[in-house]
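The values are calculated or read from the model by the stated rules, or taken from the named source; none is laboratory data. Everything numeric here is computed off the predicted structure, so don't read it as measured data. Glycine also receives a Cβ, built like all others from the backbone with ideal geometry; neighbour counts cover every protein chain displayed. Quick note on the areas: whole protein, heavy atoms, side chains included, nothing else; ligands and nucleic acids left out. Shrake-Rupley method; radii C 1.70, N 1.55, O 1.52, S 1.80 Å.
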Amino acid sequence: MKILAIETSCDETAVAVGEDTNILSSMVSSQVPIHKKYGGVVPEIAARHHLKNIIPLLRSALDEAKVTLMDIDVIGVTQGPGLVGALLIGISLAKSIAYTLNIPLVGVNHLQGHIYANFIDNPDLTPPLLALVVSGGHTELVYQSDWGKFEVMGSTRDDAAGEAFDKVSRLLNLGYPGGPAIQEAAKRGKPDAIPFPRPLLDKGFDFSFSGLKTSVLYYTRAHRDYNSSDVAASFQEAIVDVLIAKTIKAAKAKRVRRVVLAGGVAANERLRQKLKKALLKEDFALYLPSLALCIDNAAMIERVAYEKALKNEFASLDMNAVSNLDLASQHMVGEKTR
Ligand code: KG4
Ligand code: ZN
């Protein structure tokens, strides 16, 4: 089964072509340089650039995979969560191709895509597993009991982990996107220099990072000559500690042995190293996606679309973008079986 996959949920335009679980091409055009000067993603500008980039990217993805549109059997596209204007560019293209060539359409949940990036890198990996999904918009502990079956055990009550990285980076004037900027600054600082709080550490599976961000703000106000590398390293350590403690607690609660990391923040070196060490000590197996599959991409959308196509979980042509699409209810949104 040859699948064309499209992802435009935020600021990366991405197109991939795959044959079953084999990725033949995966193209990503990042808008980071465009949004950098605004210090964050501007939804309207993101949508306009998706529109500009998507057709050339589609051409290169098909060329690289050595196929034409006539060879495609199924189209997978991100339905949500994400920015509605941005999502609609990918969805409109996917629907047009599906309608014109009369091929089935699959709507894909972006967060499921992030989790499934791990199945691309580790073909032998199977559920049940626990996923820590950490991105610019989400921080979720997800129990995947089986293929396509998810339970969100905990999520953020305010800022997402990536959002906290981005906001603290702006506060410290370290640049955008904040995650990589904080990570680099932190390498020159001491993680135990400032004892920032570890919010909700002992309470359930939910996260809260806005208080931590405020602590950083108060610290920088109280210490005008602060060392930004020490602040970055101490902030990163606080976030990483909370993410790790809750992940271990959730994995134990579900008695799973396999833990996967997913989303843009999964690229964080400190998180990867510390989580690996902590899970090894507890005898869990940790799966980390390669860096190219941590950031938004369409290969992960292809992997989900393949599974849903096998189960005949196709969408109708009136499928719409759903900005807050959640993992548990995704199969009920605009879906029909052909
Ligand atoms: O998954 P993603 O590419 O987009 C969303 O779906 O949101 O995640 C983007 C987020 C941004 O907040 C960015 O700062 C963060 O991932 N990020 C990182 C790192 N690389 C990207 N956070 C921490 N450390 C990194 N190395
Ligand atoms: Zn993402």
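Using only alpha-carbon positions in the stretch 1-160, the gyration tensor eigenvalues give semi-axes of 25, 22, 13 Å once each is multiplied by 5 and square-rooted (largest first). Long hydrophobic helices in the chain, taken as whole DSSP H segments with a C-alpha length of 27 Å or more on their own axis and mean Kyte-Doolittle hydropathy at least 0.0: 228-254. Per-residue Karplus couplings for the stretch 132-147, computed as 6.51 cos²θ - 1.76 cosθ + 1.60 with θ equal to phi - 60°, are listed in order as 9, 9, 10, 9, x, x, 9, 9, 9, 9, 10, 9, 9, 7, 7, 4 Hz, Gly and Pro entered as x. The stretch 127-289 has equivalent-ellipsoid semi-axes of 28, 15, 14 Å, by the square roots of 5 times the alpha carbon gyration tensor eigenvalues, sorted largest first.
Look at the alpha carbon pairs under 8 Å that are at least 6 residues apart: their mean separation over the length of the stretch 127-289 gives a relative contact order of 27 percent.
In the chain, the inverse of the mean reciprocal separation of distinct Cα atoms equals 20.3 Å; this is its Kirkwood hydrodynamic radius. Considering only alpha-carbon pairs that sit under 8 angstrom and 6 or more positions apart, the relative contact order computed for the chain is 24 percent.
Taking every DSSP bridge with both residues inside the chain, close to 65 percent are antiparallel. Assuming charge only on the beta carbon of Lys and Arg (+1) and of Asp and Glu (-1), the dipole of the stretch 14-72 about its Cα centre is about 460 debye to the nearest 20.
Taking 7 Å steps out from each Cα toward its Cβ at Ser145 and Glu269 produces label points 4.1 nm apart. Each of His114, Thr8, Gly85 was placed along the dipole of the stretch 1-115 (beta-carbon charges, centred on the mean Cα), and the one lying farthest toward the positive end is Gly85. On the chain, 51 percent of the accessible area sits on carbon and sulfur atoms, based on a 1.4 Å probe.
Each of Phe284, His223, Ser155 was scored by the projection of its Cα onto the charge dipole of the chain, and the greatest displacement toward the positive side belongs to His223; charges sit on the C-beta of Lys, Arg, Asp and Glu. Amide hydrogen proximity for Asp159: with H placed 1.01 Å from N in the peptide plane, the residues at 5 or more positions away or on another chain lying under 5 Å are Phe209, Ser210.
Distance distribution P(r), the stretch 67-177, all Cα-Cα pairs, bin width 10 angstrom from 0: 12, 31, 33, 19, 5, 0 percent.
Averaged per residue, what accessible surface does the chain expose to a 1.4 Å probe, in Å²? Show your work: numbers first, answer last.
Numbers: 14250 Å² over 338 residues.
With all protein chains present, the chain gives 42 Å² per residue.
Suppose R0 equals 35 Å; then what is the FRET efficiency for Ser96 and Ala285 from their Cβ-Cβ distance, rounded to the nearest 0.05? The computed FRET efficiency comes out at 0.25. Summed over qualifying helices (DSSP H, 4 residues or more, each -39500 (n - 2.57)) and divided by its residue number, the chain shows a 222 nm mean residue ellipticity of -14000 deg cm²/dmol.
Given Cβ point charges of +1 (Lys, Arg) and -1 (Asp, Glu) and nothing else, what value in debye, to the nearest 20, does the dipole of the stretch 100-251 about its Cα centre take? List each step's numbers first, then the result.
Details: 14 positive and 17 negative charges, 92 e Å.
Dipole about the Cα centre, nearest 20: 440 debye.
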